[in-house]
Every structure is written in C-alpha cells, then in structure tokens.
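Q: First, the structure itself, so that you have it in front of you.
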Amino acid sequence: MAAVEVILLQRVEKLGQMGEVVRVKPGFARNFLLPQKKAIRASKDNLARFESQRAQLEAQNLKRREEAERVAERVHGLSVVIIRQAGESGSLYGSVSARDIAEACTGAGLTIDRSQVTLAHPIKALGVSTVFVALHPEVALPVRVNVARSAEEAEKQARGEAIGVEEAAETVDIASLLDPEAAPQPEV
C-alpha cells in the first residue's frame, strides 16, 4: 500500500514539525491525523493555502504553547491520590488507566482529557508513579500518581514509607510449638 503525503498543521511526536510534508501510512492519515486536524493532505492547492496561512498558524500555535506553559507553571508539582482495592502483595484488583488519572487531575483543578495522559502501560500495583500530561504538543507536565488502599496509606507512601504486609502482632515461641510440655497449660 502506498504512503500518503500530508502537511503537518502542528508538531506530531516522532513524525515532524509544523509545516513539514511527511509520508505516512494511509490508515494513520485517515484515522488519526486528518480527523484530529493535525494535518491536511499534501496537494498543490493545500500547500499554497498553508503557505499563505503559515504566519497565522504559527502565531496561534505560539499563543497556545505559551498558555500551556503558564498552566504548567501554575500546577507544577501536581500530585493526585487514587484509592483502589488491592491484594496483600500490593497488586491491584484491576488497573489505573489514563481515564482514572484524567478524572483525578480534573478533581485536583487541572481540567484535562484522557487523551492528554501519556501512560506507557496501566498501573497495576500500589505505589507512587510519575506520568506525563501533554498540555500542548511541545509542553508536558509531570504528575505524581499515588495509588493506595486508603488515604492513610497514601500519606505514608507520600512520605516515602514502604507499605507491605503487616508483621504479626504476637511473637510465637518456637520451642513451645515443638515441645507441648514446655507450653503454658490452661488452668482447669
């Protein structure tokens, strides 16, 4: 299948900068770049139209980038807590997805969409992780995600304390287990 040439209307990670003419697979262009308004098909008419509007598009992009940088400065160091059920070993009964992180960030005052959360793989264990939120194609904000069973456990994790299997409260005398006569006998 032949590649399709498109003109990028904004920076696309691992593809190119605004204004570049790139060759991509037809499905990527048809299903992602064109519907998301990140690119237009490369033709003589579209290339001429892009060049005439280039200054305006670059000005809009610069304005959106500066706005995203201001938001990133305002919420720098954002940390969210997500409460989930987990087993004794710390594995979650399910996982924390980009949607969960987006909802937690919205609750913390940063209104984002789940498509803006960059998550390599779902979080499947308790602990503190760092994910990135793309506010603009050129601006990413690190967000600390604290996944815990309860608010108290989240506070301990935030302080850096290890959360694990709790030690038994009682100590057992091994000699008493092996020698029944040595064990204290109940009074009758």
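Q: Are any residues in segment 22-65 of a type outside the set (S, T, N, Q), within 18 Å of Pro137 (Cβ to Cβ) and part of a loop (DSSP other than H, G, I, E, B), and if so, which ones?
A: Within segment 22-65, Leu34, Pro35, Lys37, Lys38 qualify.
Q: Among (1) modelled with pLDDT of 90 or more; (2) at positive phi, where does Ile83 come up short?
A: With (1) modelled with pLDDT of 90 or more; (2) at positive phi applied to Ile83, the lone miss is (2).
Q: Taking only pairs six or more apart or across chains, which ones have beta-carbon atoms under 8 Å, a first residue in segment 12-41 that is without any contact (Cβ under 8 Å) to a residue 12 or more places away in the chain, and a second residue that is of a type outside the set (A, V, I, L, M) and part of a loop (DSSP other than H, G, I, E, B)?
A: Gln17/Arg11; Phe32/Lys38
Q: If you don't mind, another one. Which condition does His121 not pass, out of (1) at pLDDT below 90; (2) touching a Gly at 6+ places or on another chain (Cβ under 9 Å), if it passes all the others?
A: For His121, the failing item is (2).
Let's see how each residue does on (1) surrounded by fewer than 13 Cβ atoms within 10 Å (Cβ to Cβ); (2) among the charged types (D, E, K, R); (3) in the same structural domain as Gln36 (by TED's automatic domain parsing); (4) in a loop (DSSP other than H, G, I, E, B):
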position: Glu67; (1), (2), (3), (4): no, yes, no, no
position: Asp100; (1), (2), (3), (4): no, yes, no, no
position: Thr106; (1), (2), (3), (4): no, no, no, no
position: Thr111; (1), (2), (3), (4): yes, no, no, yes
position: Lys124; (1), (2), (3), (4): no, yes, no, no
position: Val128; (1), (2), (3), (4): no, no, no, no
position: Phe132; (1), (2), (3), (4): no, no, no, no
position: Arg144; (1), (2), (3), (4): no, yes, no, no
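Q: How many residues are buried (at least 17 other Cβ atoms within 10 Å of the Cβ) and farther than 22 Å from Val139 by Cβ when one looks only at segment 1-21?
A: Number of matching residues: 3.
Q: In addition: So in segment 33-65, with the set limited to residues that are touching an Asp or Glu at 6+ places or on another chain (Cβ under 9 Å) and of a type in the set (Lys, Arg), which one is surrounded by the fewest Cβ atoms within 10 Å (Cβ to Cβ)? I'd like the intermediate steps shown before the answer.
A: First, the residues of segment 33-65 that are touching an Asp or Glu at 6+ places or on another chain (Cβ under 9 Å): 41-43, 61, 65.
So of that shortlist, the ones also of a type in the set (Lys, Arg) come out as 41, 65.
On the way: Arg41: 15, Arg65: 17.
Among them, the one singled out is Arg41.
The values are calculated or read from the model by the stated rules, or taken from the named source; none is laboratory data. Since the structure is predicted, the reported quantities are computational estimates derived from the model, not experimental observations. Every residue, glycine among them, receives a Cβ derived from its backbone with ideal geometry; neighbour counts consider all protein chains shown.
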